[in-house]
Amino acid sequence: MSYNLAELAKEEREKLNLNLAAASVAFKERYNMPVIANRVKAEQAVHLREYFRKRLKLFRKISHTLDQLPYDPRKG
């Protein structure tokens, strides 16, 4: 197995980027950062939008098992 992502097939690269987008949305939602999940979904390829929805659901579920970011006393 190669670690060079450029060598992956186009479909695999699309799914990898989609997973990154879904994980980013879940992360931002978890930490109350501004994000619009429907806009990110609309930016995905039409044939992968259902896959995006499933991955986002999974990442949201996983994010609820994680702790909050550490408290920063400088921010109040």
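A short reminder: the numbers here are calculations on the coordinates, not readings from a lab. Since we're looking at a predicted model, the values are computed, not measured. Backbone-built Cβ (ideal geometry, glycine too); neighbour counts: all protein chains shown.
Looking at region 1-22, which of its residues are among the hydrophobic types (A, V, I, L, M, F, W, C) and either assigned to a loop (DSSP other than H, G, I, E, B) or within 14 Å of Glu50 (Cα to Cα) (or both)?
Those that are among the hydrophobic types (A, V, I, L, M, F, W, C) and either assigned to a loop (DSSP other than H, G, I, E, B) or within 14 Å of Glu50 (Cα to Cα) (or both): Met1, Leu8, Ala9, Leu18, Ala21, Ala22.
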Residue hits (region 30-46; outside any loop (DSSP other than H, G, I, E, B) and either among the basic types (Lys, Arg) or crowded, with 16+ Cβ neighbours inside 10 Å (or both)) are Arg30, Ala37, Arg39, Val40, Lys41
Reported set for region 41-57 where residues are within 11 Å of the chain's Cα centre (by Cα) and touching a residue at least 24 places away in the same chain (Cβ under 8 Å) is Phe52, Arg55, Leu56
Listed by first then second residue, the pairs whose first member lies in region 17-38 and is without any contact (Cβ under 8 Å) to a residue 40 or more places away in the chain, whose partner is aromatic (Phe, Trp, Tyr) and surrounded by 15 or more Cβ atoms within 10 Å (Cβ to Cβ), with beta carbons under 6 Å and at least 6 positions apart or on separate chains, are Leu18/Phe52; Ala22/Phe52; Ala22/Phe59; Ala23/Phe59; Ala26/Phe59
